[in-house]
Amino acid sequence: MLYTWKTEARDGSTYSIDKLLIDFALAYRSSQSVLDGVAALAWVEFSHWTTHKMGTFRDQFTFALSGGRSFWLGVGLNGPGGLNTGRARLEFNPNKVGQCRELRWVYNLCFDACGAKPFPVSLRRWDLAVDLPGERGEFELLKDGRLYEELRRSASDRTQYLGKRNSPGRCKLYNKTLESNLSIPVTRLELTLDGVACGADDVRSLWPKVLRVPRVVQMGAEWFGLNDTDRFILRTLWQQPERLEELGRRKRDKLAPLVAAGGVVEFDDAAFLRCLEELGGWMKRRRECDPPGYGGRWENAE
């Protein structure tokens, strides 16, 4: 599985960034230079359309890459006072196109057109992807106060959602092996984050409860002859393992091995911050990118 920026968490899961929305504050009258630059990209396949719908970008582009990959650019925001030519937005999946020359070229067009504002390039919204080693049936997204949805075709083909679509706090748990035709069992948790509030504490406040129940534990529940009450207690203990001491000795000895084997997927601050650091460094620099036939070299600009 391809990653652009990835870090390994303490529990063996992999943290990466799955989708990015980057906003550019363009200098006065510089939006036309972006449009002209895109129009001159004869070596890139793209489609272009315009819309006047309020809250959308006037000129929109989808750039088609090999392998069915793509990314999107919007220039000029349709607002209540008319067209705001000082806005542009780039949307892409770093794991799929983060290293592509086409993306770096378009990013540079927008980067060069930015004005001298304090934050000319800013993160609008992004998805944190956490790849959990294990089959889909070994994990469960628990309900909380957020809107809950589920699409289930089987125990392995099951997608759970929490929160509103395209809003910070939106969670998705699904079978990544099935979705990407992988050869190893991987379950993916995706969490949509606000670009402004994306510190470790902000993410921890949105982090859902994902119950990890390895298959050996599921089999062990049958081997141990657990009744319905035992199973209820076990689910509670996976979420609150410190309550194991509240049980009597016989019940504690019976459930302790199963409590230790399962549990809740914890948020790894260090792994998340390493991803955030890589992203921050990427956004602050002009990307090195030589188009076909170009013999020179562009320097990174801090």
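The values are calculated or read from the model by the stated rules, or taken from the named source; none is laboratory data. Everything quoted here is computed from the prediction, not taken from an experiment. Methodologically, a virtual Cβ is constructed for each residue, glycine included, from the backbone with ideal geometry; neighbour enumeration extends over all protein chains shown. Heads up: the accessible areas ignore ligands, DNA and RNA and are worked out on the full protein's heavy atoms, side chains in. Shrake-Rupley method; radii C 1.70, N 1.55, O 1.52, S 1.80 Å.
For CYS114, what residues show an amide H to amide H distance below 5 Å, using hydrogens built from the backbone and excluding near sequence neighbours?
ALA27
When the expected Rg is taken as 2.2 N^0.38 Å, what fraction or multiple of it is the alpha-carbon Rg of the range 1-98?
Computed over Cα atoms of the range 1-98, the ratio equals 1.29.
Remind me, relative contact order of the chain in percent, using alpha carbon pairs under 8 angstrom and six or more residues apart?
18
Quick one: pull the percent of accessible area on the range 104-238 belonging to carbon and sulfur, 1.4 Å probe, ligands and nucleic acids left out.
The C+S portion of the solvent-accessible surface of the range 104-238 is 52 percent.
Let me spell out the model: positive unit charges on the Cβ of Lys and Arg, negative unit charges on the Cβ of Asp and Glu, origin at the Cα centre of the range 17-82. What dipole size does that give, in debye rounded to 20?
The calculated dipole for the range 17-82 is roughly 120 debye.
Note down the magnitude of the dipole of the range 73-168 about its Cα centre, charges +1 on Lys and Arg C-beta and -1 on Asp and Glu C-beta and zero elsewhere, to the nearest 20 debye.
Using only the charged Cβ atoms, the result is roughly 400 debye.
Report the one residue of GLN239, TRP282, THR229 whose Cα lies farthest in the direction of the positive end of the charge dipole of the chain (charges on C-beta: Lys and Arg +1, Asp and Glu -1; origin at the Cα centre).
THR229
LEU2 to TYR28: extension gain in nm, 0.36 nm per residue of separation minus the Cα-Cα distance?
This chain segment gains 5.5 nm when fully extended.
Mind ranking LYS143, LYS251, LYS96 by accessible surface for me, highest first, 1.4 Å probe?
Descending accessible area places them as LYS143, LYS96, LYS251.
Keeping all protein chains in place and using 1.4 angstrom, which order do VAL259, VAL196 fall into by accessible surface area, from largest down?
The residues order as VAL196, VAL259, largest area first.
With label points built 7 Å along Cα→Cβ from the Cα atoms of SER47 and SER66, find their separation and express it in nm.
Going by the 7 Å Cα→Cβ label model, 2.2 nm.
Per residue, how much accessible area does the chain show when a 1.4 Å probe rolls over the protein heavy atoms, in square angstrom?
Per residue, the chain has an accessible area of 52 Å².
Taking H as built 1.01 Å from N, whose amide H comes closer than 5 Å to the amide H of VAL186, not counting residues under 5 places away?
Those qualifying (amide H under 5 Å, at least 5 residues apart or on another chain) are GLY134, LYS176, THR177.
Mind checking the full-extension length gain between LYS209 and ASN227? Use 0.36 nm per residue of separation minus the Cα-Cα distance, one decimal, nm.
So the extension gain works out to 4.1 nm.
Net charge around ALA200, counting only other residues with Cβ within less than 10 Å of its Cβ (Lys, Arg = +1; Asp, Glu = -1)?
-3
For ARG250 and LEU151, what does the FRET efficiency come to when R0 = 41 Å and r is the distance between their Cβ atoms, rounded to the nearest 0.05?
Taking R0 as 41 Å, the efficiency between ARG250 and LEU151 is 0.50.
Please compute, for the alpha-carbon atoms of the range 38-95, the extent along each of the three principal axes and give them in descending order in Å.
Cα extents, longest axis first: 40, 25, 17 Å.
Hey, got the dipole for the range 1-136? About the Cα centre, +1 on K and R Cβ, -1 on D and E Cβ, debye to the nearest 20?
320
Is the shape of the range 77-129 rounded, prolate or oblate, going by the alpha carbon gyration tensor and its root eigenvalues a ≥ b ≥ c, with a/c under 1.5 for rounded and a/b larger than b/c for prolate?
Prolate shape, in that a/c is at least 1.5 and a/b is the bigger ratio.
Is it possible to state the helix-based mean residue ellipticity at 222 nm for the chain, with each DSSP H run of 4+ residues giving -39500 (n - 2.57), the sum divided by total residues, to the nearest 500 deg cm²/dmol? What is it?
So the helix-based figure for the chain works out to -8000 deg cm²/dmol.
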